[in-house]
Amino acid sequence: MTLVPWAEGTVRAATGAGSRRASYPWLQRWDLVAGAEVPPEIYRLEDLAAPATPVPALDGRFVVAVDGDRLVGGSYAEGRDAWRTVWAFDLAGKRAGPAVTGAPITSVAIGAWPAVFIARADGTVSLVDLESGDPLCPALQLPAPARDMAVAGRRDLIVGTGTDVARFRPPTG
């Protein structure tokens, strides 16, 4: 676990944590005076002096990727044993499609919106339209689960699995 303290009107701390089996892929912010988690906030790059605004309607969910004013969120399964759900929403918290669920998720990367790559613990990587929930091509089966992913040129998928890195390009429709 990592802990970073700072003062912002009250005592706050950011932690990177996880379960005994896996680390969380995000940071949590805590208000140590109130004893509550501080929800994700949006900082506007065009006005860095303006105060941050919280992302509404997260209800214990987390943000995993951002594309302009679109967010990709996630949530843990009951019992918080695995990240199993991904969905899209905007900065106002309005959902932009159905929840996409399945095997535990290890990573996501945004392609050309609304196409999002979803890597799962079973070694598959799917390209899904988050606004409809539909797959855009057959899933890619890797020899090991993808731990990190990035998109180059909004189409090429770069995948890291342990010490190996690979580049893939999904078929055009």
- Near pairs, Cβ below 9 angstrom, 6+ apart or cross-chain, from the range 40-54 (under 21 Å from F89 (Cβ atoms)) to any residue that is open to solvent by 70 Å² or more (accessible area, probe 1.4 Å) and of a type in the set (S, T, Y): A52/Y43; T53/Y43
- Considering each residue of the range 132-154, count those that are closer than 21 Å to G97 by Cβ, of a type outside the set (G, A, S) and open to solvent by less than 100 Å² (accessible area, probe 1.4 Å), and give that number. 6
- Message: I'd like the residue in the range 77-106 that is small (G, A, S) and touching an Asp or Glu at 6+ places or on another chain (Cβ under 7 Å) and, out of all such residues, is surrounded by the most Cβ atoms within 10 Å (Cβ to Cβ).
- Response: A88
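Let's see how each residue does on (1) aliphatic (A, V, I, L, M); (2) farther than 16 Å from T85 by Cα:
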position: I110; (1), (2): yes, no
position: S126; (1), (2): no, no
position: D134; (1), (2): no, no
position: L140; (1), (2): yes, yes
position: A146; (1), (2): yes, yes
- Any idea which of (1) at pLDDT 90 or above; (2) under 25 Å from R61 (Cα atoms); (3) of a type outside the set (V, I, T); (4) in contact with a Phe, Trp or Tyr (Cβ under 8 Å, 6 or more places away or on another chain) is the one W113 doesn't satisfy? (4)
- Task: May I ask you to say which residue of L71, L58, L127, L157 is modelled with pLDDT under 90, assigned to a strand (DSSP E or B) and either of a type in the set (A, V, I, L, M) or open to solvent by less than 30 Å² (accessible area, probe 1.4 Å) (or both)?
- Result: L71
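The values are calculated or read from the model by the stated rules, or taken from the named source; none is laboratory data. Since this is a predicted model, take the numbers as computed values, not measurements. Reconstructed Cβ throughout: ideal geometry from the backbone, glycine too, with neighbour counts over all protein chains shown. For the accessible areas, the whole protein counts, side chains as well, though only heavy atoms, and no ligand, DNA or RNA atoms are used. Shrake-Rupley method; radii C 1.70, N 1.55, O 1.52, S 1.80 Å.
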